[in-house]
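Reviewing the structure listed below.
Values in this text are rule-based calculations from the coordinates and carry no lab data. Here the structure is a predicted model, which means the values were calculated and not measured. Positions of Cβ are generated from backbone atoms using ideal geometry, with glycine treated the same way; all protein chains shown enter the neighbour counts.
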Amino acid sequence: MQKKKIRVLASSCMHSVRGTAKQLAEKAGKYDVDLVVLAGDITFFDESINGMVGPFLEKGKKVVFVNGNHDSLATSQLMSKKYGIQNLQFYPYKAGDIGFFGCGGSQMLGCPTVLSEEDIFDYISKSYEKIKDAKVKVMVTHAHAEGSFSEKVAQFPGSEGVRKALEKFHPDLHIHGHVHQTENMEERMGLTNVVCVGPRGKILEI
């Protein structure tokens, strides 16, 4: 039996700009998406979350997310509690036979959420375990992978932990944010299609 596809709006790096959230919610409604995936940096150094998630819920959209390096764990927990949305780092999500898992933050110093490469890989691994029986696997991180096109363009290091997860788990799709210069660009890393998303959002058929 052929799997049923879902339509996803994937985005990241809204950085507390309410107008961006509103425009993305309009896009989610226009394209009748089944799921909104926010790949981190919902806030700018933990500025107010007001107006950043509500517009999607008002459109009746299911939202899952990972935090970015600008979003602290406390802010992420507040978003989960206030809006009832799942942080994939702790609560992976399955839509039929499609499993979403991942990890937020990055290894970049000087931001609210800094993780070691070991922690990034460990969080992804634990999240993966909960959806490993899914036929289609989608890994969502904020950070880009070491050795990726985004790393080469941005000229700052990608995550070794993310790269190791790609090599070990071979997800069908990897969605990440963080690198503004490669927004909406796609590449192939091993067996995985990789897409970098940003504040304009990208519609994906999965």
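Observations
- For the pair the range 165-197 / the range 90-132, the C-alpha centres are spaced 14 Å from each other.
- Residue-wise HN-Hα coupling along the range 127-142, computed from phi with Karplus coefficients 6.51, -1.76, 1.60 (Hz; x: Gly, Pro): 5, 4, 4, 7, 10, 5, 8, 5, 6, 10, 10, 10, 9, 10, 9, 7
- Dimensions of the range 36-127 along the principal axes, based on C-alpha atoms and rounded to the nearest Å, stand at 36, 35, 16, largest first.
- Within the range 7-205, antiparallel bridges make up roughly 30 percent of the DSSP beta bridges whose residues both belong there.
- Gaussian network model of the chain, Cα within-10 Å springs - most flexible of 171, 157, 92: 157
- FRET efficiency, 1/(1 + (r/R0)^6) with R0 30 Å, evaluated for residue 129 and residue 5 via beta carbons: 0.75
- Evaluated over the Cα positions of the range 80-155, the convex hull gives a direction-averaged projected area, one quarter of its surface, of 6.3 nm².
- Selected from 61, 152, 132 as most flexible by GNM, with the chain as the system and alpha-carbon contacts under 10 Å: 152
- Most fluctuating residue given options 115, 173, 191, as computed from a GNM of the chain linking Cα atoms under 10 Å: 191
- Annotation for residue 167 and residue 45: the two label points, set 7 Å from Cα along the Cα-Cβ direction, are 3.6 nm apart.
- Mean projection area, nm², convex hull over Cα of the range 7-205: 9.4
- Available extension along the chain between residue 156 and residue 58 is 31.6 nm, counting 0.36 nm per residue and deducting the alpha carbon span.
- The range 7-205: relative contact order in percent, alpha carbon pairs under 8 Å with at least 6 residues between: 22
- By other beta-carbon atoms within 10 Å, ranking 133, 41, 172 with the fewest at the front produces 133, 172, 41.
- Rounded to whole Hz, the Karplus (6.51, -1.76, 1.60) HN-Hα couplings of the range 96-105, x for glycine and proline: x, 9, 10, x, 10, 9, x, 7, x, x
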